[in-house]
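Structure record follows, encoded as structure tokens.
What follows is calculated from the coordinates using simple rules that are stated; it is not laboratory data. Just so we're clear, the structure is a prediction, and the values are computed from it rather than from any experiment. With ideal geometry, Cβ positions are generated from the backbone for all residues, glycine too; neighbour counts draw on all protein chains shown.
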Amino acid sequence: MNVQEIAEQVVTKNLRIGAGDQVLIATHDHTIPLAEALAAACYRVGAIPLVRLFTDGLYRTMLSEIPDDVLRKVPTPLLAAYDHYTADIALSGPKDPAIFEGTSPARMAAMYHASRPITDKARERKVRSAWLMTGHATPERGRRYGVDHRAWEDFINEGLSADPSELASAGQRLANVLRGGKQVRITGPGTDLTVNLIGRQPQVQDGIVDEQDLAIGNRQGFLPTGFVRVA
């Protein structure tokens, strides 16, 4: 799929964005083309998007130079904006994982502390959310992890091209089997594990954030996806 096709599917099928929606799109510099396509797709269905930009350079500065007490501060304008956002889309990054080298857990914890109130408000208001993994398939990450980034990118795009409605149908069939069962036994070389299903409800992760998902607090979809979770 090209970026326009990905954007149309995320907006119209995964998040079901339409007229009246206010949408925040968080992008890194290397994912701007997809962010642009997502914003255009939002406008086409009558929604109003806002694009928020992160860069590897700024991320590096924040992790290496900015004091922890500053990183811990909640961005109150963004927090207030979540009184109005009804959907958000995050494009994964940064481009180069070397940015994280030497970063202390305390600094990461400070950034998490700053974002936590925003996450809490988004959950309380049932803001529909999608996290796209396309930004992970970069040459820099490929070299670091020892994988061909082009093959990785193709793998992600093939996953994104799956029809969400077909994933939903297949997922519901599997969920019905699990819902009617008592135990699952998992076997393989060196593996023989039995788990109990009684009292546990399977959840279908089909990439579509619908009213049923929101009712059980499942507001976020990671794309590509396609699995059934039992917890």
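Placing unit charges on each Cβ (+1 for Lys and Arg, -1 for Asp and Glu) gives the stretch 58-205 a dipole about its Cα centre, and among LEU178, PRO139, GLY190 the Cα reaching farthest toward its positive end belongs to LEU178. Taking a straight Cα-Cα cut-off under 29 Å and skipping sequence neighbours fewer than 8 places away in the same chain, the lysines within cross-link reach of LYS95 are LYS13, LYS73, LYS121.
For the chain, the alpha carbon convex hull comes to 160 Å³ per residue, rounded to a whole number.
By the gyration tensor of its Cα atoms, with a ≥ b ≥ c the square roots of the eigenvalues, what is the shape of the stretch 26-91: rounded for a/c under 1.5, prolate for a/b over b/c, or oblate? Taking the square roots of the gyration eigenvalues as a ≥ b ≥ c, the stretch 26-91 is oblate.
Taken one residue at a time, the phi angles of the stretch 119-128 give Karplus couplings (6.51, -1.76, 1.60, θ = phi - 60°) of 4, 4, 5, 4, 5, 4, 8, 6, 6, 5 Hz. Gly and Pro are set to x. The loop-placed trypsin sites (Lys or Arg not before Pro) in the stretch 1-103, going by DSSP, that have at most 10 neighbouring Cβ atoms within 10 Å of their Cβ come out as LYS73.
For VAL51, the residues whose amide H sits under 5 Å from its own are ILE25, ignoring neighbours fewer than 5 places away on the same chain, with H placed 1.01 Å from N. The alpha carbon centroids of the stretch 19-39 and the stretch 172-211 are separated by 34 Å. Per-residue 3J(HN,Hα) values for the stretch 103-108, derived from phi via the Karplus relation 6.51 cos²θ - 1.76 cosθ + 1.60 with θ = phi - 60°, read 6, 6, x, 5, 5, 5 Hz in sequence order (x marks Gly and Pro). Placing +1 on the Cβ of every Lys and Arg and -1 on the Cβ of every Asp and Glu, with nothing else charged, gives the chain a dipole about its Cα centre of roughly 760 debye. Computed 3J(HN,Hα) for the stretch 7-23, one whole-Hz value per residue from the Karplus formula 6.51 cos²θ - 1.76 cosθ + 1.60 where θ = phi - 60°, is 4, 4, 5, 4, 6, 8, 9, 6, 9, 6, 6, x, 4, x, 6, 10, 10, glycine and proline marked x. The slack in the chain from ALA19 to LEU79, taken as 0.36 nm per residue of separation less the alpha-carbon distance, amounts to 19.3 nm.
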